[in-house]
Amino acid sequence: MGLTSASCLATKCDVLGFDTNAKKIEEVKLGKAPFFEPRLDDILDKVIKKGAFQTTSSYVDAVLGSNVTFICVDTPTDASGSSNLGYVESAASMIAESLEMKSSWHLVVVKSTVPPGTTSQIVKSILERGSKRLGVDFGLCMNPEFLREGSAVEDMLNPDRIIIGEADKKSGDNLEQLFREFYGEKLPPILRENLENAELIKYTNNAFLATKVSFANMIANLCEQIPGADVTHVMKGIGYDKRIGSQFLSAGVGWGGSCLPKDTRALVSTSKKLGCDLMLVRDAITINDERPRHMVKLAEEAVGGLNGKCVSLLGLSFKPKTDDIRNAPSLSIIKSLLELNARVSVYDPVAMENVQRIFGDKLTYCKTAFECLERSECCMLVTEWDEFKLLTPDDFLKRMNTPVLIDGRRIYDLKSFEHKIELRAIGLGQSRDAVK
Ligand code: UDX
């Protein structure tokens, strides 16, 4: 999120990027993003060559050499499900230390996802540890981002809205001015909020998205028990209702990534500490946790047990257009398959190395989807990469020992696969003779 925001801002502003990870700084200096994100390398390369995006290994230089500092550090989930704010606190400390050496007013903006109250209590008190005071020597805002992996550049350049949480009017005015200059006539709606509302909007946004998907997955389970029912049709039907909207209603193997799992758990944990039980979000998490096991169950039913069977997984990343496997459903599916003593072959266009670092030689790593299908007795479509959508029934028939396909993301047209291969799918009611 930090690198995407910095690179995009550098197309209009002068940006100084600091990170404690020297290797990342070196890669960025070469105009190379240390991870796969469409369009990012191009933008980064341009702004580095233009000299608009400089990097520094000194956080003091970063603060002294700028007017506004965005805190874009990770807030991982700790064992209790709460947000670990260690990185935010150390970033705030670095800024506080630097402010002691600065005479002009400086704006600090928390962009990281933090529980309500973090900015106004924790970050503010760290920044005021020295001689500087909020409202006099520095300003403080909370400006959540809504970037989706795989379309982060698009989301940064064309956001639906900008949320500015402000400790005081001057802080908000300064940040609003920066965005007005950056977006120009493409300026999206700007909401000026207090710090707590800005923090809560971010968590609530992700919790609602997660709940919407889990709702679709819950209805998918129902559809599987009703011959002829199909969750894709049901969700398409309700999506026409403007009050519902058609997005985030695709039933599948569940949501992964670094945000939805983390933010839903952090919101439930924070709320519990405040004596408020977010039952609906808790249930959304429970439904989601069950998706990988459900996918394996469909496979077991389709091939009559997986012990010793050769199973091929198409797709490992938590979603297409990213190499990110954090909380990816594929990881839980692979663990379950190995526990069932299945022989697992995997293929993903970009995430293979990340998976190999976890499972080592326990899996067979294939170079293409076709290779992954060779001699397979059950194929599980886990991530809806475009290249998998081009596979035809014959591609499965020609290569698999037993052509059984479990469509975990509903990308295959039932009619074209009918009577050719055994296709089971999330949210598809089996014909009467297939339903146990
Ligand atoms: C999410 C939020 O969308 C973004 O606003 C926030 O800033 C970060 O978290 P991201 O995690 O990158 O972004 O991906 P997203 O596109 O939201 O998908 C999250 C997960 O939900 C993926 O695993 C995806 O496969 C799954 N999903 C999404 C579904 O299963 N069904 C859907 O209909 C949509």
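Values in this text are rule-based calculations from the coordinates and carry no lab data. Quantities reported herein were computed from a predicted structural model and do not represent experimental measurements. Every residue, glycine among them, receives a Cβ derived from its backbone with ideal geometry; neighbour counts consider all protein chains shown.
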* Say each of TYR87 and ASN341 gets a label point 7 Å from the Cα, pointing the same way as Cα to Cβ; how far apart are those two points in nm? -> 4.2 nm
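What shape does segment 23-114 have by the C-alpha gyration tensor, where a ≥ b ≥ c are the square roots of the eigenvalues, rounded means a/c under 1.5, and otherwise prolate means a/b greater than b/c and oblate the rest? Could you put the intermediate results ahead of the total?
On the way: a/c = 2.29, a/b = 1.12, b/c = 2.04.
Because a/c hits 1.5 or more and a/b fails to exceed b/c, segment 23-114 counts as oblate.
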* Asked: Among all the aspartates and glutamates, which ones have a C-alpha under 18 Å from LYS420's C-alpha, if same-chain residues fewer than 8 places away are not counted?
  -> GLU374, GLU377, ASP394, ASP395, ASP407, ASP433
* To do: Pull out a ≥ b ≥ c, the square roots of the eigenvalues of the alpha-carbon gyration tensor of segment 284-436, then state rounded if a/c is under 1.5, prolate if not and a/b is larger than b/c, and oblate in the remaining case.
  => rounded
* Structure fact -> Given 37 °C, 0.692 mPa s and a Kirkwood radius over Cα pairs, the Stokes-Einstein diffusion coefficient of segment 1-46 in µm²/s is 309 µm²/s
* Structure fact -> Per DSSP, the loop-located trypsin sites (Lys or Arg not before Pro) within segment 97-194 having at most 13 other beta carbons within 10 Å are ARG129, ARG133, ARG161
* **All-pairs Cα distance distribution in the chain, expressed in whole percent, bin size 10 Å** => 4, 19, 27, 23, 16, 8, 2, 0
* To do: Could you pull out every one of the lysines with an alpha carbon less than 23 Å from that of LYS273, ignoring same-chain neighbours closer than 8 positions?
  => LYS124, LYS202, LYS262
* To do: For the chain, set up a Gaussian network in which alpha carbons nearer than 10 Å are linked by springs, and say which option among ASP263, ASP323, ASP41 fluctuates the most.
  => ASP41
* Just tell me which lysines come within less than 26 Å, Cα to Cα, of LYS50; anything on the same chain fewer than 8 places away is out. => LYS12, LYS23, LYS24, LYS29, LYS32, LYS111, LYS186
